[in-house]
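The values are calculated or read from the model by the stated rules, or taken from the named source; none is laboratory data. No experiment lies behind these values; they were computed from the predicted model shown. Cβ placement follows ideal geometry from the backbone for every residue including glycine, while neighbour counts extend to all protein chains displayed. Just the protein is used for accessible areas: all its heavy atoms, side chains included, with ligands, DNA and RNA removed. Shrake-Rupley method; radii C 1.70, N 1.55, O 1.52, S 1.80 Å.
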Amino acid sequence: MSKPIVAVVGRPNVGKSTFFNRVVGRRVSIIDDTPGVTRDRIYAEAEWRNIAFALIDTGGIEPDSTEIIPSQMRAQAEIAMETADVILFMVDGKEGLTANDREVADMLRRTHKKIVLAVNKVDNPEKYSDYYDFYELGVGDPVPISAANMLGIGDLLDLIVDDFPEGAGEEEEETTRIAVIGKPNVGKSSLINALLGENRVIVSPIAGTTRDSIDTPFERDGEKYLLIDTAGIRRRSKVDEDIERYSVIRAVAAIERSDVCLIMIDAQDGVTEQDKKIAGLAHEAGKGIVIVVNKWDLIEKETNTMKQFTEKVRGELVFLSYAPVIFISVLTGQRMDNVITEAKKVAENRKKRVPTGQLNSLITDAVMMQQTPSDKGKHLRIYYAAQVGTEPPLFSFKINSRELMHFSYARYLENKIRDAFGFEGTSIKFVFKEKNRRDDD
């Protein structure tokens, strides 16, 4: 299921980050009175009226600035606008209409995207009338809000959700969407070309050739797939003055739209810090994951080379212990057939459901084998468990105390579920609910 994307844009210090944090429900963006403090796009999931969407906070736009940082902020906001389904244009009600607001509005009109205009810092809409000046921008009716005081936020979100494309957030045709992610020059485009059997994506030895996400549908054995090629995510230290740093949001958006992520690792480099960050994005999004080690033909082999390399990958990517690791060479075609085969298995595992009876029988046996945690003589009790969701699999546990459910015991239960039912390649989510008196009625 593909979530709509909303980009929050505007000049610096109009309150975009405050709004972002209010909607997301936690403090994600840095808030500071100094203009331009949010220099990187921040991405998070949000929900309104039971409709999930992705929210992008951007650095402030300064259209006429030629300084490096402001110009980069303008570039990243432009990319966010390209990616978004709906653009939330925020202006400052206290400062009033400015020339920069007019310049930003001109930029937005050229995108031909849905635009919602929010006039922020309006603490008392009944006594405030200056926001009518913002009609001059020609991007729609201004909506007065106060992000800091949570005034008018609901009405604003209603307008945003109403502007989502028809069918946004609904189940799409049965197609397995596979995003190919990784740092630049690891072979992502070459992998897709090899899988398709033709050069549909430009391949270049220059890191960062692919700047946009490119979707390519294809069929294999009667199954429909969509391959999503993404711009490589580069280390921040190497891209401070390079537009490639702004390709991250495209990769994030590709991950959001995918069912399974192929995380490509360069066999010669091993797992780098950047690889860990990229893998973390897919893991946190709850996507299916296959770790693809490319350029395996360039590694000198001994008897246990593959086993030892797998152990190194597991050691570096501990949080992806559930993900399969495959070794390929796009150049020679070695084990290329395994790529789609593994991705299909992982996609199926994300949809797998465990019968409630079998699950509870497993939990009962697990508790007998390893006693539940206790505190001051009080033991954790697990009354009931059920799988309540898929993609990724979600399990709900009815227990007597959340405080007694230690992380280590939850991990123990997860391992037991994996041992019994599989779920290779997909994360498993748990939710713990305390039993109360109403449950006994």
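For this structure, a couple of remarks:
- Summing +1 for each Lys or Arg and -1 for each Asp or Glu among the other residues whose beta-carbon sits under 12 angstrom from that of Gly389 gives +4.
- Region 311-367: C-alpha gyration tensor shape, a/c 1.5 cut-off, then a/b vs b/c: oblate
- Stokes-Einstein D in µm²/s, Kirkwood radius over Cα pairs - region 292-336 at 10 °C with 1.306 mPa s viscosity: 141 µm²/s
- Distant-in-sequence amide contacts of Ile56, defined by a placed amide H-H separation under 5 Å and a gap of 5 or more residues or a different chain, comprise Val6, Ala7, Val8.
- Amide hydrogen neighbours beyond the local backbone of Arg11, cut-off 5 Å, H modeled: Ile61
- Label-point separation in nm, Glu391 to Leu196, each point 7 Å along Cα→Cβ: 2.4 nm
- The apolar share of the surface of region 287-441, taken as the fraction of accessible area on carbon and sulfur atoms (1.4 Å probe, ligands and nucleic acids excluded), comes to 46 percent.
- Here the gap between Asn50 and Ser321, fully extended at 0.36 nm per residue and compared with their Cα-Cα distance, gives a gain of 94.3 nm.
- Prolate/oblate/rounded label for region 375-441 (Cα gyration tensor, a/c 1.5): oblate
- Full extension of the segment from Glu284 to Arg381, taken as 0.36 nm per residue of separation minus the current Cα-Cα distance, would add 32.1 nm.
- A Förster distance of 25 Å, applied to the separation of the beta-carbon atoms of Glu82 and Asp162, puts the FRET efficiency at 0.70.
- Per residue solvent-accessible surface (Å²) - region 93-159, probe of 1.4 Å: 54 Å²
- Counted residue by residue at 0.36 nm each, then reduced by the alpha carbon distance between them, the extension gain from Lys94 to Lys429 reaches 116.2 nm.
- Distance from region 400-439 to region 93-141 (C-alpha centre basis), Å: 48 Å
- In order through region 88-96: 3J(HN,Hα) via Karplus (6.51 cos²θ - 1.76 cosθ + 1.60), integer Hz, x for Gly, Pro: 9, 9, 10, 10, 9, x, 6, 7, x
- In this structure, the amide hydrogen of Lys224, modeled 1.01 Å from its nitrogen in the peptide plane, lies closer than 5 angstrom to those of Thr176, counting only residues at least 5 positions away or on a different chain.
- Region 372-418: relative contact order in percent, alpha carbon pairs under 8 Å with at least 6 residues between: 34 percent
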